[in-house]
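Undergrad: Right, I'll just put the structure down here and ask away after.
The values are calculated or read from the model by the stated rules, or taken from the named source; none is laboratory data. This structure is a prediction, so every number in the text was calculated from the model and none was measured. Neighbour counts run over all protein chains shown; Cβ positions are idealised from the backbone, glycine included.
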Amino acid sequence: MSSGTRDIEFIYLNEEFYATHVPVPDLDLLLAAGWRHFGERFYRYTPGFYNSEVRVVMPLRVCLDRFRFSKSQRRCLRRNADLECRIIPAEVTPEVEELFHAHRQRFHRDAPYSLYDFLSDEPEHIPAPGLLLEVREGDTLVAASYFERGEATISSLYGMFIPGHEKRGLGIFTLLKEIEYGLDRGMRFFYPGYAYEGESFYDYKKRLGSLEYFDWQGNWMEYSP
């Protein structure tokens, strides 16, 4: 078990359903019960595989009412203060697709094939209100992320950035801008997605702060890295 979590009684879950429309209050309830979705496919599962190991999946959320940007997060925001950020209704443009295919080269295994692995054909509306964060350096799109909003929640879907800009920390930067969007609108929770117990590629989510994890028994527990 990773630090910050109590021993979790393992409960096997592997469930899914499909929905073309989810009312925003229902999206809040689904996220609070450990559900995620790619496009119209909603899923939740407790065993995951990472580096040929079976791991317990950890849904995470940030409690926005007590969230404060850390020193390193404020540095990341300042480091990228020269970039232009714009949030618009979610859409897939040729420019974003080009960024996606550049970003996917970072993956040495299990690289995603298409943005539509994560999004519906109409991400602005289906299955819930979707948004696109564009991050530009001059005229160049250097990062982008998709997220959605419920009634009192923000949920991150997929983020990407152009290779060669690793020192900027653009992956963290887009998450922080999504959190900022939720804070500005008085949202209660930000869902960054799943992580695993133990060390993994997804541990950057565990460092966001003001975190809770779902114990798969209906409870959200405080997480301390």
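Undergrad: Quick one: what pairs do we get from region 44-55, first residue exposed (fewer than 12 other Cβ atoms within 10 Å of the Cβ), second of a type in the set (D, E, K, R), C-beta under 9 Å, 6+ apart or different chains?
TA: Correct list of pairs: Phe49/Arg55.
Undergrad: Name the pairs whose Cβ atoms lie under 9 Å apart, with the first residue in region 22-34 and more than 17 Å from Met187 (Cβ to Cβ), the second in a loop (DSSP other than H, G, I, E, B) and aromatic (Phe, Trp, Tyr), and 6 or more positions between them or separate chains?
TA: Partner pairs satisfying both residue conditions: Gly34/Trp216.
Undergrad: Do we have Cys85 as touching a residue at least 40 places away in the same chain (Cβ under 8 Å), closer than 15 Å to Leu175 by Cβ and assigned to a strand (DSSP E or B) here?
TA: Details: touching a residue at least 40 places away in the same chain (Cβ under 8 Å): yes; closer than 15 Å to Leu175 by Cβ: yes; assigned to a strand (DSSP E or B): yes.
It is true that Cys85 is touching a residue at least 40 places away in the same chain (Cβ under 8 Å), closer than 15 Å to Leu175 by Cβ and assigned to a strand (DSSP E or B).
Undergrad: Among the residues of region 88-114, how many are under 26 Å from Ala19 (Cα atoms), surrounded by 15 or more Cβ atoms within 10 Å (Cβ to Cβ) and modelled with pLDDT of 95 or more?
TA: The qualifying residues number 4.
Undergrad: Same structure, new question: Give the residue that is farthest from the chain's Cα centre (by Cα), with candidates limited to residues of region 66-82 that are in contact (Cβ under 8 Å) with a residue 12 or more places away in the chain and surrounded by 11 or more Cβ atoms within 10 Å (Cβ to Cβ).
TA: The residue in question is Arg79.
Undergrad: So which of Ile179, Ile154, Ile126 ends up being in contact (Cβ under 8 Å) with a residue 12 or more places away in the chain, β-branched (Val, Ile, Thr), crowded, with 20+ Cβ neighbours inside 10 Å and under 30 Å from Tyr12 (Cα atoms)?
TA: Criteria check complete, one pass: Ile154.
Undergrad: Could you go through region 126-147 and let me know if any residue there is more than 24 Å from Asp28 (Cα to Cα), assigned to a strand (DSSP E or B), hydroxyl-bearing (Ser, Thr, Tyr) and out of contact with any Ser or Thr (no Cβ under 8 Å at 6 or more places or on another chain).
TA: Looking through region 126-147, at least one residue is more than 24 Å from Asp28 (Cα to Cα), assigned to a strand (DSSP E or B), hydroxyl-bearing (Ser, Thr, Tyr) and out of contact with any Ser or Thr (no Cβ under 8 Å at 6 or more places or on another chain).
Undergrad: Right, next: When you look at Glu122, is it of a type outside the set (Phe, Trp, Tyr), touching a Pro at 6+ places or on another chain (Cβ under 8 Å) and at pLDDT 95 or above, yes or no? Working first, answer last.
TA: Numbers: of a type outside the set (Phe, Trp, Tyr): yes; touching a Pro at 6+ places or on another chain (Cβ under 8 Å): no; at pLDDT 95 or above: yes.
Taking the combined requirement at face value, the residue does not satisfy it.
Undergrad: Right, next: Hey, among the residues in region 166-225 that are in a loop (DSSP other than H, G, I, E, B) and aromatic (Phe, Trp, Tyr), which one's nearest to Tyr50 (Cα to Cα)?
TA: Trp216
Undergrad: May I ask you to verify whether Glu151 is part of a helix (DSSP H, G or I) and of a type in the set (Asp, Glu)?
TA: Taking the combined requirement at face value, the residue does not satisfy it.
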